[in-house]
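A.B. asks: Structure provided below as structure tokens; questions to follow.
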Amino acid sequence: MLTLLDGLRYSTLTSYSWEWPRVLLLLPALLLLPALRWLLAHRWRTRLGVAFVAGRLRTDWSALLRFLPDLVLLLCLAFAVLALARPQRTDERVVQTGEGIDILLVLDVSGSMELQDLQPNRLEAAKRVAREFVAGRAGDRIGLVAFAGDAYSLAPLTTDYDLLRENLGELRLGMIANDGTAIGTALGVATNRLRDSRSRTKVCILLSDGENTAGNLDPLLAAQLAHAYGLRLYTIGVGQDGTVPFGKDEFGRPRYVETRLDETAMRQLATAGGGQFFRATDTEALREVFDQINRLEKSEIKQTRYRNTTDHYRYYLAWSIAFWLLWLALKNTFLTNSLED
């Protein structure tokens, strides 16, 4: 409910949604009415010549009061236009029903992720695409595990995607002192994080560029254990095989190293985990891989929108009627020039 002057504030007027916004175009046209009235009167009215005595006529501010009825009439019409445009406010409430899925991102941060066949390097490309993947989810809980020679859970399952993107941004080479590629250990940490989840769908996305070289848990056994707890495992092999650039030497010339991905083992892990294996040899291919996983793993979230629309035209209609009555009252006073009307 608007108070006496609340509806006249600029902030109030701009907060409305208008049912008939084009009607507001009549407001500037109202300013032309006095000019049109004067023009018609000046052209068609018969003039009566009156002789005045010599000297200047005395002016008085009270003479301006004769314009008061016209001003009141303009205000009456302006408020009528605002009422006719139907100012409204809509309160919208969204209720989500259904269930999201639980997703755990398991990212390799070992030294080999510094190779530059993906720009600017494998790790940075993976982080950038993972952030895009997170931004494309809604209603899902997502967690993060980083691994090299050891594996650590960096973010629990959460729907706070801003926090998750911050954690992704903090991933860096060398953050885990024990270098290597402990794929089995990473899957074990992921399984431990997801096994108590009550979600009907639990997904683990493992991204690595090498073969298992560290840890005490066999990767295939870890994948089978994950599947037994209801996890679906997707494995992504990152990088090209063969000679790839790796930094520069002391003379500023590019260095190259030989690298190879154990694709067979990664396929076996995906099969044992009930998922799929993907190979990404460049950034665009990696983005396509995440897009494909995004299409495969969809949440069943339904949104119901409740809209409550409140009209506020009565406030402006009341002002219009009040000014109309005031104008009628002024018509019967000395302020109105009977010769003009």
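A.B. asks: Before we move on, is ARG267 assigned to a strand (DSSP E or B), surrounded by 15 or more Cβ atoms within 10 Å (Cβ to Cβ) and not aliphatic (A, V, I, L, M)?
C.D. replies: It is false that ARG267 is assigned to a strand (DSSP E or B), surrounded by 15 or more Cβ atoms within 10 Å (Cβ to Cβ) and not aliphatic (A, V, I, L, M).
A.B. asks: Got at least one residue in region 1-12 being at pLDDT 70 or above, among the small types (Gly, Ala, Ser) and loosely packed, with under 15 Cβ neighbours inside 10 Å?
C.D. replies: So far as region 1-12 goes, yes, one or more of its residues are at pLDDT 70 or above, among the small types (Gly, Ala, Ser) and loosely packed, with under 15 Cβ neighbours inside 10 Å.
A.B. asks: Continuing with this model, one more query. Give, as residue ranges, the strands (runs of 3 or more DSSP E) completely inside region 93-195 that count at least 2 residues that are surrounded by fewer than 20 Cβ atoms within 10 Å (Cβ to Cβ) and of a type outside the set (Gly, Ala, Ser).
C.D. replies: Where strands (runs of 3 or more DSSP E) fall fully within region 93-195 and carry at least 2 residues being surrounded by fewer than 20 Cβ atoms within 10 Å (Cβ to Cβ) and of a type outside the set (Gly, Ala, Ser), they are 151-158.
A.B. asks: Name the single residue that is farthest from the chain's Cα centre (by Cα) among those in region 168-199 being farther than 17 Å from LEU115 by Cα and of a type in the set (Asp, Glu).
C.D. replies: Per the criteria, the residue is ASP196.
A.B. asks: Which residues, counting only those in region 108-167, are among the aromatic types (Phe, Trp, Tyr) and within 17 Å of the chain's Cα centre (by Cα)?
C.D. replies: Correct list: PHE133, TYR161.
A.B. asks: When the residues of region 196-212 are filtered to those that are assigned to a loop (DSSP other than H, G, I, E, B) and not charged (D, E, K, R), which remaining residue is nearest to GLN240 (Cα to Cα)?
C.D. replies: Result: GLY210.
A.B. asks: Quick check on GLN268: is it among the polar types (S, T, N, Q), more than 23 Å from ARG198 (Cβ to Cβ) and touching a residue at least 40 places away in the same chain (Cβ under 8 Å)?
C.D. replies: In short, yes.
A.B. asks: A further question follows. List pairs: first residue in region 74-91 and buried (at least 17 other Cβ atoms within 10 Å of the Cβ), second residue part of a strand (DSSP E or B) anywhere in the structure, Cβ distance under 7 angstrom, at least six positions apart or on different chains.
C.D. replies: Close Cβ pairs satisfying both conditions: ALA85/TRP18; ARG86/TRP18; ARG86/ASP311; PRO87/TRP18.
A.B. asks: Would you mind telling me which numbered condition in (1) touching a Pro at 6+ places or on another chain (Cβ under 8 Å); (2) of a type in the set (Gly, Ala, Ser); (3) modelled with pLDDT under 80 GLY100 fails?
C.D. replies: Unmet for GLY100, out of (1) touching a Pro at 6+ places or on another chain (Cβ under 8 Å); (2) of a type in the set (Gly, Ala, Ser); (3) modelled with pLDDT under 80: (1).
The values are calculated or read from the model by the stated rules, or taken from the named source; none is laboratory data. What you see is a predicted model, and the numbers here were worked out from it, not measured in a lab. Backbone-built Cβ (ideal geometry, glycine too); neighbour counts: all protein chains shown.
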